[in-house]
Amino acid sequence: MTDSFSNLSLAPTLARAVAEMGYESMTPIQAQAIPVVLTGQDVMGAAQTGTGKTAAFSLPLLQRLLKHENPSTSPARHPVRALVLLPTRELADQVAQQIKMYAKYTQLRSAVVFGGMDMKPQTLELKKGVEVLVATPGRLLDHIEAKNAVLNQVEYVVLDEADRMLDIGFLPDLQRILSFLPKQRTTLLFSATFSPEIKRLAGSYLQNPVTIEVARPNETASTVEQRFYAAQDDDKRRVIRKVLTDRGIKQAFIFVNSKLGCGRLARSLEREGLRTAALHGDKSQDERLKALEAFKKGEVDLLVCTDVAARGLDIKDVPAVFNFDVPFNAEDYVHRIGRTGRAGASGLAVTLVSPSDTRLVGDIEKLIKKKLEVETLQLDTRPAGPAPEKWGERAEDRPRSRAPEGRRREHDPRDALDAPNERRGGFRPAPINRDPFFQKPYEAAVSETAPSWEPSGPKTVRSSISANIKPKRKVAALFKSGE
Ligand code: AMP
C-alpha cells in the first residue's frame with residue numbers, strides 16, 4: 001500500500017508511537033507532506049484541522065530532530081530546535097499533546113506555552129530545555145522577553161492555522177518572533193486557504209515552498225441542508241424556535257455579527273426560557289470555556305456567538321447552525337456552516353434574511369456558486385413553546401435602538417469584527433475562510449438533557465477540556481488567549 005506508514009522508514013521509536021496510536025494508513029495530507037518535510041524543504045500546506053495535519057508535520061520533524069536526541073540533564077543540550085505556533089491555547093494544547101505522544105519513545109522533549117496561565121510552570125519547563133516548543137505568539141513573546149526562551153538554534157518553524165493567526169491580528173507578533181530565528185531553517189506553513197495575505201506571508205518567510213493542498217477552499221459540505229428564511233429582525237427568534245421545534249433539534253450554534261448583538265440575543269433567548277450562553281470577544285477565556293463545557297454537557301442548548309469567538313471552540317458536528325445575521329463576509333458563511341454536517345452526519349444551516357441583506361446573500365451565492373432561494377416560513381400566530389407565559393416579555397426585549405450597554409451604533413464595524421481592542425486599527429484582518437478549528441466531533445451527552453423547548457430529562461456530564469487548561473485567572477477574551 002502506498003500510503004502505509006511503513007513506507008516512510010520512520011525511526012523505530014516513532015513508528016512504535018504511531019502504531020500505538022492505531023493509525024493504519026496515512027491520511028492524504030500525511031502522504032503528501034511527510035516525504036517533503038523529511039527532505040527539509042519548506043511547505044505551504046492547505047489543510048484543515050481533522051485531516052491529520054499535526055502528524056503530517058510533527059512526525060517528519062521529530063524524525064529529523066532525532067540526531068539531536070540525548071539523555072543529558074543539562075538544559076544546554078536541549079535547545080529549542082522546532083517551534084510550532086498556533087493561534088489559540090486550545091489548539092496549542094491539542095497539538096502539544098499529539099506531539100508528546102509521537103515523541104514518547106524518543107528522548108526529545110516538548111513543551112507548550114500559551115496565555116491565560118501562570119508563566120512560572122512554563123518558565124521552569126523552558127529552563128530545563130525542550131527541543132520542540134509549541135506556543136501561541138503573545139505568550140511566546142513574553143517568554144522571549146523574559147529570556148526564558150532562546151530561539152537562536154531553531155531549525156524548524158511551523159506556522160499552523162496561519163490564516164487564523166492573521167485574522168486574530170498576530171502578524172506583528174509573528175514578524176517579531178520570526179526575526180529571532182536563524183535565517184537558515186525550514187518553515188512549514190499550514191492554512192485553511194491561501195488568501196492573498198497568506199501568500200504574502202509565505203512570500204516573505206518561506207523559500208521555494210512545496211505547495212500541498214488537500215482540501216478545496218470554499219466548498220460547503222454537501223451533507224449540510226442550507227435554508228434561507230426571510231425574517232424581519234423582530235421575528236427572527238420565533239423562526240429559530242419554530243425550526244428547532246419542527247425539526248426536533250436539541251442544540252445549535254447561533255451566529256451574530258456583533259458582540260453587542262450577541263449578548264443581547266442571548267439574553268433575549270434566555271428570557272424566553274431557552275438555555276443559552278453567549279460567546280464573544282469580550283468574554284474572558286474562563287467564561288468561554290465554561291460556556292463550551294455547559295454546551296457539551298447539554299446544560300446549554302444554544303450557543304450564541306460571533307465568528308471570532310467561535311473560532312477556538314473544539315467542537316464540530318453541531319446538529320444545526322443559525323445565522324441570525326447574514327455574515328458581512330461571505331467566507332464567514334462557509335466557515336459558520338462548516339460546524340454542522342461533518343463526517344457524513346447531516347446538518348442544518350438556517351440563515352435568517354432581512355430585507356436589507358440582499359447584497360450579502362448575493363455575495364454568498366457568488367462564493368459558493370449556488371443559486372440560493374429565500375423562503376418564507378409560516379409562523380404560528382401564537383408562538384409555541386414550553387414557557388408561553390414568558391413570551392409576554394418579548395415585547396420589552398425587542399432590539400433596542402439605544403442599547404443600555406452600548407453607546408456606539410448597533411452595527412459598528414468594530415463590533416462586527418469582534419476584534420481585540422488593542423489590535424484594532426493596526427493590521428487589517430484577512431477574510432475568514434473555512435473553519436479548521438473543530439478538533440472533536442460534536443457529541444451530545446449520552447442521555448442528554450432535553451432542550452428547553454421540550455420536556456426536560458436526565459443528563460450526563462462529560463468533559464473534554466484538557467487537564468492542561470486550568471484557567472487560574474480571568475484573561476481578556478479569545479484574542480488574548482494567545483498572550
Ligand atoms: P489533526 O488534523 O492533526 O488535528 O488530527 C485529527 C485527528 O486524527 C487526531 O485525533 C489524530 O490522532 C488523528 N489522526 C492523525 N493521523 C491519523 C491517521 N493516519 N490515521 C488515523 N487517525 C489519524
**OP:** Using amide H atoms built 1.01 Å from N in the peptide plane, name the residues 5+ places from Leu279, or on other chains, whose amide H lies under 5 Å from its own.
**Re:** Val304, Cys305, Thr306
Original post:
In the structure shown, do any of Lys296/Lys366; Lys250/Lys283; Lys53/Lys296; Lys100/Lys259; Lys199/Lys369; Lys120/Lys250 have a Cα-Cα gap over 31 Å, and if so which?
Top reply: Lys296/Lys366; Lys100/Lys259; Lys120/Lys250
Original post:
Rounded, prolate or oblate: which one fits the stretch 233-305, using the alpha carbon gyration tensor with axes a ≥ b ≥ c (rounded when a/c is under 1.5, else prolate when a/b beats b/c, else oblate)?
Top reply: oblate
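Given the Cα-Cα distance of Phe328 and Glu375 and 0.36 nm per residue of separation, how much length would full extension add, in nm? Can you show the working numbers first?
Values: separation 47, 0.36 × 47 = 16.92 nm, distance 2.03 nm.
Value of the extension gain: 14.9 nm.
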Original post:
In the neighborhood of Lys183, defined by Cβ-to-Cβ distances under 15 Å, what is the net charge if each Lys or Arg adds +1 and each Asp or Glu adds -1?
Top reply: -1
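Using a Förster distance of 45 angstrom, determine the FRET efficiency expected from the C-beta separation of Ser204 and Asn7, and round it to 0.05. Don't skip to the end; give the middle numbers.
Values: r = 34 Å, r/R0 = 0.76.
FRET efficiency, Ser204 to Asn7: 0.85.
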Subject >> Residue among Ile29, Leu65, Pro79 farthest towards the positive dipole end of the stretch 17-93, charges placed on Cβ >> reply: Pro79
Subject >> Theoretical gain in end-to-end length, Ser346 to Gln175 [0.36 nm per residue, Cα-Cα removed] >> reply: 57.5 nm
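Would you work out if the stretch 224-376 is rounded, prolate or oblate? Take a ≥ b ≥ c from the square roots of the eigenvalues of the alpha-carbon gyration tensor; rounded if a/c is under 1.5, else prolate when a/b is larger than b/c, oblate otherwise.
Values: a/c = 1.42, a/b = 1.36, b/c = 1.04.
Note, shape of the stretch 224-376 comes out rounded.
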**OP:** Based on the mean of other Cβ atoms within 10 Å per residue, sort peptides 175-188, 125-138 so the most packed one is first.
**Re:** 125-138, 175-188
Subject >> FRET E, pair Lys67, Glu20, Förster distance 25 Å, beta-carbon r, rounded to 0.05 >> reply: 0.60
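Expressed in nm to one decimal, what extension gain is obtained for the pair Ala76 and Lys183 from 0.36 nm per residue of sequence separation less their Cα-Cα distance?
Values: separation 107, 0.36 × 107 = 38.52 nm, distance 2.12 nm.
Here the segment from Ala76 to Lys183 would lengthen by 36.4 nm.
A short reminder: the numbers here are calculations on the coordinates, not readings from a lab. Predicted model only: the values in this text are computed from it and were never measured. Every residue, glycine as well, gets a Cβ built from its backbone with ideal geometry; the counts of neighbours run over all protein chains shown.
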